[in-house]
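Just so it is clear, none of the values below were taken in a lab; they were calculated from the coordinates. Predicted, not measured: the structure shown is a model, and the values here were computed from it. Note: ideal-geometry Cβ built from the backbone for every residue, glycine included; neighbour counts use all protein chains shown.
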Amino acid sequence: MFEERPDIQERLDGELVAWMTTVSPAGLPQTSPVWFLVEDERFVIYSLASTPRTRNIAANPKVCLNLNSTPTGGEVVIIEGLAEIATDGLAAVEDDAYVAKYREQMQDLGMTPASFSADYPVRIHVTPTRLRAS
């Protein structure tokens with residue numbers, strides 16, 4: 001999906017935070033910042049177990065991931081997709097690419113990859129269905 005937009009692929013490789021919007025069973029959008037990794041044309045996100053995000057995905061898999069825009073609203077990247085709670089059992093501590101991307105941020109939070117993995121045990125996959133970008 002991103003091969004025609006190397007500028008977006010570069011941002012996905014380098015940016016640390018995306019804003020993920022899920023929809024509650026009552027229809028309310030709920031947005032939160034997430035760490036992410038693009039792997040095999042899908043996004044990988046690790047989550048706390050008992051969050052509205054995981055409950056929302058179980059009820060409605062439609063999500064959006066937004067990257068930060070410029071201060072004036074340029075360079076917009078919105079990725080619509082379908083999310084699922086992964087059943088592959090890969091813990092964050094076993095995900096070498098994810099740990100490589102976020103090791104410094106984990107350390108800044110006083111965490112190790114193992115403690116991060118224990119706190120964020122839910123692996124979420126988001127398969128993009130539509131890209132909206134300027």
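Laid out as a table, the results:
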| quantity | calculated |
| --- | --- |
| Around Val77: net Lys/Arg minus Asp/Glu count, Cβ-Cβ under 13 Å | -2 |
| Distance from the range 82-134 to the range 1-20 (C-alpha centre basis), Å | 16 Å |
| Neighbour-count ranking [beta-carbon atoms within 10 angstrom, fewest first] of Phe116, Phe2 | Phe2, Phe116 |
| Residue-count net charge about Cys64 - beta-carbon cut-off 14 Å; Lys, Arg +1, Asp, Glu -1 | +3 |
| Ala49/Leu16 FRET efficiency (R0 22 Å; Cβ-Cβ; nearest 0.05) | 0.50 |
